[in-house]
Each structure stands twice: as C-alpha cells, then as structure tokens.
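Coordinate-derived values only; no laboratory data. Note that the coordinates shown come from a computational prediction; the quantities given were computed from them, not determined experimentally. Note that each Cβ is placed from the backbone with ideal geometry, even for glycine, and that neighbours are counted across all protein chains shown.
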Amino acid sequence: MLVHDPAATRAFERLTEVPSSQLERRFLFRAVPDREGFAREHADLVRTLRGAGIEVVYLDQVARPEHLARLDENPNHVYTRDSAITLPWLPGHFIRGAMRKPVRRKEPDVMASALGTLGLTEILAMDGDHFLEGGDVIPLAREGRRTLLVGFGPRTIRPSLEALRERLIPGALDELIGVELVAERMNLDGALVPVADDTVLVEPTSILRSWLIDEQAQTPVEVVRLLAGSGVEAIEVTRAEATTMQACNCVCLGDRTLVMYDLCERVTSELRARGIDVLTIPGTELIKGTGGPRCMTRPIYD
C-alpha cells in the first residue's frame, strides 16, 4: 500500500492560513485537524496494515525529488487512492487520475512519479477535462468478469466512463458499472464498497441511477440488485453513518479482512456477524479531511 502523512510536511500550515469559513472551499477539509492527533491516527492505520501483513510504502520515499515540494502545498496528498488507479488483474500498470478540484490538479503527477519509481507503467491518462478520481473506481470480479464500478457526478464525470470503455474494453476490462451519485456524495467509496465476495456496504440514497456498460451496449440496471444477483448481499448504511462516520469507506485487504474507522459500531458488528474480520482504527482527526481508510491507501499489485 502507498500512503502519505501530511502532518509530517508543511501542508498543515496551509490549513491555518485561511479563515475557517473558506477552509472547505479552498482545501476541501471540513476542519483543521490536530496535527499530533492526525499523525498518531495515521500511524495507527499504517501499523494496522503492517500487522495484517501488508507492505507499506510512503509517498515521499518514492516520489521524484522535483515533486517533493508539492507535498508541502496540499494536505490532500493523504488521499493516495484518488490520483491513480491500479487493477488487481493488471499488476505492474496504472491509470493516471485527473482531479476535478483545482487544489488537487497536480496530485496525479506526483503519484505517477512515485508509481514509476516502483516500476509501474502508465496505460491510460484522461484527456482534457475528462475528470477521473480513484475514489470513484472500485475493481470487482463479477462472475468471472473483470468489472469496474465507477461512480460519477461531483468529481468523476460521465464522459470519463466512455473513455474507459473505449480504451480498456476488452483488453483490460470486460465491463463497467457506472453509478450516478447525488451532489452531496463526493466519491463512490463513500456510498458503495464491496467488502467481501458476498457482502457490499451501501448507502442507497446517495445513488441516483446506474448502467451496465460493455463493448456492445449500455444497459440501465439497479446496481445493488445486480450485485445481489451475483450473490453479493447488501448491508445498508444510513446517510449520517456514511457522511459523519465514513462507514462505507473501508480498505479491503483480502481474505475477508478490512480496515475501517472505529466510529460506527453498528456496521462493524454487522460485518463481524457475517464472518468478516474488521480491524478498526481511530478516526476522530483523520475524518476531518472528509475521507476514510480506503481513501488513504493505494494498492500496488504484484
């Protein structure tokens, strides 16, 4: 997993330079985290990943020297999930993200340099205004098909799905499931995340419409019902749980194991009752940046 702790850089100073009324608009953080608390909770995330047998690499260890200064400019580099996409069935390759928010526009260059250092090859970059964020893209094996769940709306835009279809199907993908999100939901991983081969977390009021997209057609579907037809049962999360607790935003480690915040006991209990090993970490400070454990981890497949 590739991670980054902005509390170890000067990026937190940027948060204190603007009035609180402008903080979310300028830097996308809902509140200024306590620096020591943020660093402590991020270290808990890394320690939990390593305890589960995951190798963890820090972004500043592998980004090119000319890009390191950018880590001091933008605390959103903590969300290493967003600026690139990796696929478990295509190890050694990545898709470069394209960030919609101006403060995040330079992040894909930093991430691409880091992934290049790690030996990955770029296979696709969005052109022009085709915004695509990794928090909207979830790889899924569906009945033997290489599937991408792709959310669109506030960050990723609908034309980017067509670009993915044209460039990746059939060579790197078999199908896309496009999911239109309400304006209040930032990314798909805040509303719908498959956490095991038989379980998905979903906040249904955040989803407007969805389509199954393959080489031949685009067919309207109901995404939760489609997944149910493949044997994936839904655990519903409330709007409040998804927003204030990031109850959907967990990082899956395989073998029915995941990491999530310790903020939503109800969902944690339901997952454990289904035989899923839930590793919880504190999130009181981390959540102030509006993300969860999935946002803060970029898998590198080998």
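Name the residue, out of ASP174, ASP129, ASP189, whose mean-square fluctuation peaks in a Gaussian network model built on the chain with Cα pairs under 10 Å.
In the Gaussian network model the winner is ASP129.
With +1 on each Lys and Arg Cβ and -1 on each Asp and Glu Cβ, how big is the dipole of the stretch 1-148 about its Cα centre, in debye rounded to the nearest 20?
Around 240 debye, computed over the stretch 1-148.
Let me have the 222 nm mean residue ellipticity of the chain computed from DSSP H runs of 4+ only, each contributing -39500 (n - 2.57), with the sum over all residues rounded to the nearest 500.
Counting only the DSSP helices, I get -7000 deg cm²/dmol.
So which residue, out of PRO91, PRO194, PRO282, gets the largest mean-square fluctuation from a GNM of the chain using Cα contacts under 10 Å as springs?
Looking only at PRO91, PRO194, PRO282, the largest GNM fluctuation is found for PRO91.
For a quick check: sort ARG96, ARG298, ARG105 by the number of other beta carbons within 10 angstrom, fewest at the front.
By the 10 Å Cβ count, ascending: ARG105, ARG96, ARG298.
As an exercise, identify the GluC sites (Glu not before Pro) in the stretch 1-104 lying in DSSP coil whose Cβ has no more than 12 other Cβ atoms within 10 Å.
Hits after loop and neighbour filter: GLU17, GLU55.
Using a simple charge model, +1 on the beta-carbon of Lys and Arg, -1 on the beta-carbon of Asp and Glu, nothing else, what dipole does the stretch 148-282 show about its Cα centre, in debye to the nearest 20?
300 debye
Set Lys and Arg Cβ to +1 and Asp and Glu Cβ to -1, take the dipole of the stretch 2-289 about its Cα centre, and tell me which of ALA247, GLY51, VAL103 lies farthest positive.
Checked the options; the winner is VAL103.
Along the stretch 3-20, what does the Karplus equation 6.51 cos²θ - 1.76 cosθ + 1.60 (θ = phi - 60°) give for ³J(HN,Hα), rounded to whole Hz, x for Gly and Pro?
Using θ = phi - 60°, the values come out as 9, 8, 10, x, 5, 8, 10, 8, 4, 5, 5, 4, 5, 8, 8, 10, x, 4 Hz.
Please find the FRET efficiency linking ASP34 to ASP60, where r is the Cβ-Cβ separation and R0 is fixed at 22 Å, and quote it to the nearest 0.05.
So, using R0 = 22 Å, E works out to roughly 0.55.
Could you line up ASP198, ASP5 from fewest to most neighbouring Cβ atoms inside 10 Å?
ASP198, ASP5
Full extension from ARG158 to ARG50: what is 0.36 nm times the residue separation minus their Cα-Cα distance, to one decimal in nm?
35.2 nm
Under a plain spin-label model, where a point goes 7 Å from the Cα along Cα-to-Cβ, how far apart in nm are ARG274 and GLU215?
Between ARG274 and GLU215, the simple spin-label model gives 3.3 nm.
For the stretch 81-186, run through the chymotrypsin sites (Phe, Trp or Tyr not before Pro) and keep only the ones in DSSP coil with at most 13 other Cβ atoms within 10 Å of their Cβ.
Within the stretch 81-186, the qualifying chymotrypsin sites (Phe, Trp or Tyr not before Pro) (loop, at most 13 other Cβ atoms within 10 Å) are TRP89.
What's the magnitude of the charge dipole for the chain around its Cα centre, counting Lys and Arg as +1 and Asp and Glu as -1 at the beta-carbon? Answer in Debye, nearest 20.
About 460 debye.
For the chain, with the dipole built from +1 on Lys and Arg beta-carbon atoms and -1 on Asp and Glu ones, taken about the Cα centre, which of VAL179, PRO194, LEU227 lies farthest toward the positive end?
Of the options given, the answer is VAL179.
Which of LEU181, LEU226, LEU258 moves the most in a Gaussian network model of the chain with Cα springs under 10 Å?
LEU226
Can you give the relative contact order of the chain as a percent, counting alpha carbon pairs under 8 Å and 6+ residues apart?
19 percent
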